[in-house]
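The values are calculated or read from the model by the stated rules, or taken from the named source; none is laboratory data. Keep in mind the model is a prediction, meaning the values are calculated, not measured. With ideal geometry, Cβ positions are generated from the backbone for all residues, glycine too; neighbour counts draw on all protein chains shown.
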C-alpha cells in the first residue's frame, strides 16, 4: 500500500484505516443565513469497525455522513475512504469513486419500484459494468433472509424486508465501507433488531466497516463505539456502548459543550 | 372555493391546461367565425359554402382535439397531485368536494384560456378569410365578421371539454384501480375492424370521385386510434423482443415495462400524430399530382379540400406537440426521486440520461412504427386507385419531416427535463418532502 492516494482501483488490498476525515468543514447558505453544519471534524475509523454517530437534530450527523460518503463535497478538509482521497470532480467522478468502495443503507430504503428484489440487489453491479453473478446475489439475499422473495417488487414487501434488500444491495458490491443513515428510523423494534444484527454480521463475518447515523440509543448500542456530535463538532466517544449509557450521555451533551467553553 | 385558492397558490402547474384551452378556443373561434362571416347578408352561395365547410370540418376536429389535449394535461395534473388529494381526503374532504375542486379549477383555467383566445381568434379569422380570398375560393367583397357563433361555440366547447375531462380525470384518480380493460379492448378492435373496412372500401370507389380520399383517410385514422388504444400492449410486445445490453438499456426496458400503462398517453399521441400527418400529407400530394397530370385546373372543391387538409394537419401537429411536451415534461419531473435513487445506487448522471434517452427512443420508434403502418394502410389503396403505382412518388421527404418533428419533441423534452431534474443533488432528490 505505497502511495495509496494515487491508486484508484479497489483491488489494492484494504487499507488499515477505512475512513479518515481531517478538519472537514461544511457550511450551508451564504453570509448571514449561513449555517456551519461541520466545523473542522477530524476522525479516523479502523477497518472492520461498527461505529454509530449520534447527536441531536441539526448537530451535523447527516452532513458528516454525506461528506464522508462522497455524496456531498466538504468546503475544506480531507476525506479518505479506504486510503484513497476523495478529490474534486463532477458527479460522475464522485459516483465512480463511490461505487467500488461504498455501500449505502438509507432510512427510506431507496429501492427502485420498477425492479424486483433480485434486480435491485444487482443494480449497483450492472451500473458499474461489473459481472452480474446471480448465484452470488441469491446467496446474499438468502443471508438476509429473503431467498424466497427474489421475484417480488419492493411495494410487496414490509419495511423491514425492504431494508434487508437494501442491506443485500449494499453488501453485493463488497464495499470497504457501508454508510447507514437512520437505517431503523422507519421500522418497528423487531425489524430494527434484524437489520442491526445484519449490520453487525457485515462487520463481524464479512469484515466490512459500518458507519451508522442514528438518534436511537438502542440502535447505537449494537455498534462497537459511538461518536457524539454537537453543533458540527465531535463531542466525545464511547466504546462498548449500552443503550442506557448512550441515552444518559446524549441527554447531557449540551451540558458538556457549555462546560467545555 | 378550494379551487380558486389552489389556482392562486400554484398558477404554474396549470400552464399546460391553460395553453391547450387557449389554443383550442383560438382554433374553434377562428373557424367558427367563418360561420358568422357566411351568415352575413350579401355573401354569394359559393363563398358561403366554402366558409361553412371549413368551419364545420375544422370546428369538429377542433372540438375533439381540445377535449383530448385538455384531458391529457388534466390527467397528468391530477396524477401528480395524488398525494395532495389524498391529504385533502384524510383531512375530511368528501369525494364530491374533491371532484368539485378539480372540475372548478379546470373550468376557471379554461375560461381564462377562452377569453385570452378571443383577440388572436379575431386576427386568425381575418387571416384565414384572406387565404380563402387569395385562392379565389371566397369573393373579395366578403368582410370578416366575428360574432355570436364564434364566441359562444369557442367558450362553450372549451368549458365543456375542460369540465368533462376534469371529471373523468378525478374519477379515475379517486377510484383507484379501475378496470376499463374490457371496454378499451372492445373499442380498439372495433376501430381496427372499421378502419380496415374503410381502407378496403377505397377499391370500390372510382378514381375520379371527389370522395375517394375520405375512405382511406378515415380508415387510416381509425386504424391509428385502434393501435393507440392498444398501445400499452403493443409497447410490452416490443419490449419483450428487445435485446438491450448495458446498464442504461437494461434499466430502460424494465422501467418502460412497469410504466407501460402510464406511458400509453404519450405513445397514443405519437401514433395518432404520425398516422394523421403522414396519411393526409401523402394523399394530398398524390391528389395534387394526379390533378396536375390530368391537365385540369383545380375546382373550388378540390382547393377547399387541400386547404382543409393542410389546416387540419397543422392543427394536429401543434396540439400533439403541446400534449407530448406537457406529458413528457410532467412525467419526467415526477421521476426526480427515482433518478435520485438510481444515482445513489451508483448511476452516473450520464447513465441516468442514457436510460431516459433509451426510453424515449423506444417510445418514439414504437409510436412511429405503428403510426406509419396505419398511414400506409390508407396511402397504398388511395395511390393504387388514383394512380397506376402502389406507392406515392413523393419519396420519403414528408415522412422524414413528420418523423423528425415527433422524435425532436419526444427526445428533446425528456432529455432536457431530465438534465434539469439532475441538477438537484441525489440526496436532496430522494428526500420525502420533494
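Exactly one condition in (1) outside any loop (DSSP other than H, G, I, E, B); (2) buried (at least 18 other Cβ atoms within 10 Å of the Cβ); (3) touching a helix residue (DSSP H, G or I) at 6+ places or on another chain (Cβ under 6 Å) is false for residue B:68; which is it?
In the conditions (1) outside any loop (DSSP other than H, G, I, E, B); (2) buried (at least 18 other Cβ atoms within 10 Å of the Cβ); (3) touching a helix residue (DSSP H, G or I) at 6+ places or on another chain (Cβ under 6 Å), residue B:68 misses (3) alone.
I need the full set of residues from region B:134-159 which are modelled with pLDDT of 85 or more and not in a loop (DSSP other than H, G, I, E, B), in order please.
Passing the criteria: B:148, B:149, B:150, B:151, B:152, B:153, B:154, B:155, B:156, B:157, B:158, B:159.
Looking at this structure, is residue A:66 within 14 Å of chain B (Cβ to nearest Cβ) and part of a loop (DSSP other than H, G, I, E, B)?
In short, no.
Among the residues of region B:220-231, are any farther than 30 Å from residue B:387 by Cβ, within 14 Å of chain A (Cβ to nearest Cβ), surrounded by 20 or more Cβ atoms within 10 Å (Cβ to Cβ) and in contact with a helix residue (DSSP H, G or I) (Cβ under 6 Å, 6 or more places away or on another chain)?
Checking region B:220-231: not a single residue is farther than 30 Å from residue B:387 by Cβ, within 14 Å of chain A (Cβ to nearest Cβ), surrounded by 20 or more Cβ atoms within 10 Å (Cβ to Cβ) and in contact with a helix residue (DSSP H, G or I) (Cβ under 6 Å, 6 or more places away or on another chain).
Across region B:417-434, which residue is farthest from the chain's Cα centre (by Cα) among those that are loosely packed, with under 14 Cβ neighbours inside 10 Å and at pLDDT 85 or above?
B:423
Given (1) more than 16 Å from the chain's Cα centre (by Cα); (2) in contact (Cβ under 8 Å) with a residue 24 or more places away in the chain; (3) surrounded by fewer than 18 Cβ atoms within 10 Å (Cβ to Cβ), identify the lone condition not met by residue A:252.
Going through (1) more than 16 Å from the chain's Cα centre (by Cα); (2) in contact (Cβ under 8 Å) with a residue 24 or more places away in the chain; (3) surrounded by fewer than 18 Cβ atoms within 10 Å (Cβ to Cβ) one by one, residue A:252 breaks only (2).
Just to be sure, is residue B:354 surrounded by fewer than 23 Cβ atoms within 10 Å (Cβ to Cβ), in contact with a helix residue (DSSP H, G or I) (Cβ under 7 Å, 6 or more places away or on another chain) and within 14 Å of chain A (Cβ to nearest Cβ)? Spell out how you get there, then give the answer.
Working: surrounded by fewer than 23 Cβ atoms within 10 Å (Cβ to Cβ): yes; in contact with a helix residue (DSSP H, G or I) (Cβ under 7 Å, 6 or more places away or on another chain): yes; within 14 Å of chain A (Cβ to nearest Cβ): yes.
Answer is yes for this residue.
Only residues that are facing chain B (nearest Cβ under 9 Å), part of a loop (DSSP other than H, G, I, E, B) and over 18 Å from the mean Cα position of the chain (by Cα): list them for region A:77-108, please.
Matches in region A:77-108: A:90 only.
Can you tell which of B:247, B:252 is modelled with pLDDT of 85 or more, surrounded by 15 or more Cβ atoms within 10 Å (Cβ to Cβ), more than 21 Å from the chain's Cα centre (by Cα) and closer than 30 Å to residue B:346 by Cα?
B:252
Name, by its number, the condition in (1) touching a helix residue (DSSP H, G or I) at 6+ places or on another chain (Cβ under 7 Å); (2) outside the structural domain of residue B:297 (by TED's automatic domain parsing); (3) assigned to a helix (DSSP H, G or I); (4) surrounded by fewer than 14 Cβ atoms within 10 Å (Cβ to Cβ) that does not hold for residue B:162.
It is condition (4) that residue B:162 fails.
Looking at residue A:122 and the list (1) touching a helix residue (DSSP H, G or I) at 6+ places or on another chain (Cβ under 6 Å); (2) modelled with pLDDT of 90 or more; (3) facing chain B (nearest Cβ under 8 Å), which single condition is not satisfied?
Answer for residue A:122: the failing condition is (3).
In region A:163-187, what residues are farther than 24 Å from residue A:67 by Cβ and either touching a strand residue (DSSP E or B) at 6+ places or on another chain (Cβ under 6 Å) or away from chain B (no Cβ under 12 Å) (or both)?
A:164, A:168, A:187
Residues of region A:109-119 being more than 8 Å from chain B (Cβ to nearest Cβ) and part of a helix (DSSP H, G or I), which ones?
Selection gives A:117, A:118.
In contact (Cβ under 8 Å) with a residue 12 or more places away in the chain, over 26 Å from residue B:248 (Cβ atoms) and not in a strand (DSSP E or B): which single residue out of A:197, A:130, A:162, A:138 fits that description?
Within the list A:197, A:130, A:162, A:138, the selection yields A:197.
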